[in-house]
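I have placed the structure first, in the form of structure tokens, so that the comments after it can refer back to it.
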Amino acid sequence: MLKTYIPITEAKEIILSNVKELPAESITTTESYGRHVSEDIVSPFNLPASDNSAMDGFAVSSNELLGASKDSPITLKIIDEIYAGKSSEVTVTKGTCVRIFTGAKMPKGADAVVRQEDVKYDNNNATFFSPVEKGTDIREAGDDVKKGQIILTKGTKITPAAIGLLAALNIHSVKVFKRPKVYILATGNELIELGKQLSPNKIVNSNSYALSTMVMENGGVPIYGGIATDSEETIMAHFEKAKEADIVITTGGVSVGEYDLVKDSFAKKGVEWLFWKVKIRPGQPVAFGRYNSTLFFGLPGNPVSAMVTFDQFVRPAILKMMGNEKAERMRFFAISTDDIKKKQDRTHFLRARLFSSEGELYVEVKKNQSSAAISTMLDANCYIILEENKTKIKKGDKVLVEVFKI
């Protein structure tokens, strides 16, 4: 049953309830950047693997330096020198110490490291001028990661730090979710391809390029479907190729005009539309449906509306397909620098600029909120979110913001 003019929360619930996770595949750690792990990854050993020195200095038994002072220093014999990567079987015993370097494995019998700048030493002996606490400047085995510890949970996006940790743990391959394939089709008689000759009645198909980039940014694989003119025959001709994708995005053709043919055209091919029109601005005439496991999103044709509705509806679906249940961007409150008014009808997403001043976060709304003004998306770094029942904001009030660009 097609629902119409529903709240944004209900729309998201409908979408996410129809998302299924994609299959997994195994890839090398070196090629895994930006992918999402398909299972919890567990550390195979402690990191560091053994106690090691955090400083260049001398490994000692702390008991040996009890009572040491500038007036009554204690001298110990140096019985070995250990650097990172070197094995040593010596044991620190009474009256002895070991010269040690950062990262080197601690010798038996030592329970502290004294920094070399605090020691007077030659090739044979080291003199200490103060006591040292047990455990000083030692990195204990498992201090960073313990054996059996979950280091990446299912759905986590692999970052440079994650790759570094995987490499440190000698994990050379990982299982990740396959990337969703997203078919993008622009509709409209007024559209021409990028690079073609412009005329007074034509505009460039910019939406497909912006949305393709947003798909890539969120881990998907965009498939450029080109432009369909405003005819059922032309739109339906794309169906066979589109239905092989995981997600289909159309832009334009989902409003109430005589040439808005997307819903009916795809419905004739078997697409079940689940909702049409959401109580948001911009982007009210957004539609969502499904055909088998393929999700169909009919986004508005205005550039800003297309980008906002992608952010709020398509992005969470892409991420959930890759196991990420926490698709919401960072939201918090900031102080408005403007008076804002709106009708009590829809949730508004206002393009705005978040900035800090004297330890406070402020947000400035962009003056031009036209859904055709794509340049405002370039200047903005967040949305001010005004719920349906919110009609007035005064300068100095705190407002909810969602950050989409740092």
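Read-outs throughout are calculated quantities, based only on the coordinates presented, and are distinct from any laboratory measurement. In this text the structure is predicted, and so the values were computed from the model without any measurement. Because the Cβ atoms are built from the backbone with ideal geometry, glycine has one as well, and the counts that use them run over all protein chains shown.
In plain terms, the residue of C382, C97 with the fewest other Cβ atoms within 10 Å comes first and the most crowded comes last, giving C382, C97. Taking label points 7 Å from Cα along the Cα-to-Cβ direction, S50 and I406 give a separation of 3.8 nm. Placing unit charges on the Cβ atoms of the charged side chains and taking the dipole of segment 331-403 about its Cα centre, the candidate lying farthest along the positive direction among I335, M377, H348 is H348. A DSSP coil position with no more than 16 other Cβ atoms inside 10 Å describes the following GluC sites (Glu not before Pro) in segment 36-93: E39, E89. The value of relative contact order for segment 187-319, using C-alpha pairs under 8 Å at least six residues apart, is 23 percent. Sorting M307, M216, M377 by the number of Cβ atoms found within 10 Å of their own Cβ, with the fewest placed first, yields M216, M377, M307. Between Q197 and A237, the FRET efficiency estimated from the beta carbon spacing at R0 = 22 angstrom works out to 0.35.
Shape of segment 52-139 from the C-alpha gyration tensor: prolate (a/c of 1.5 or more and a/b above b/c, with a ≥ b ≥ c the square roots of its eigenvalues).
For V401, neighbours were defined as the other residues whose beta-carbon sits under 14 Å from its Cβ, and their charges (Lys and Arg +1, Asp and Glu -1) total 0. Which of (i) 1.38; (ii) 1.42; (iii) 1.00 is the computed Cα Rg over 2.2 N^0.38 Å for the structure on display? Answer by label: (ii). For a modelled paramagnetic label at K120, 7 Å from Cα along Cα-to-Cβ, the residues of segment 58-76 in reach, with backbone nitrogen under 14 Å, are 69-76. Cβ-Cβ distance of Q149 and L361, R₀ of 45 Å, FRET efficiency by 1/(1 + (r/R0)^6): the value works out to about 0.80. Other residues lying with their Cβ under 10 Å from the Cβ of S130 contribute a combined charge of 0, Lys and Arg counting +1, Asp and Glu -1. The Cα center of segment 41-60 and the Cα center of segment 275-331 differ in position by 47 Å. Summing Lys and Arg as +1 and Asp and Glu as -1 over all other residues whose Cβ lies under 15 Å from the Cβ of E89 gives a net charge of +1. In a simple Cβ point-charge model (Lys, Arg +1; Asp, Glu -1; nothing else charged), the chain has a dipole of about 980 debye relative to its Cα centre.
Subtracting the Cα-Cα distance of F129 and N18 from 0.36 nm times their residue separation leaves 33.0 nm of extension gain. Built from the Cα atoms of segment 331-403, the convex hull projects on average onto 4.6 nm², one quarter of its surface area.
For segment 64-89 versus segment 214-230, the inter-centroid distance based on Cα atoms is 65 Å.
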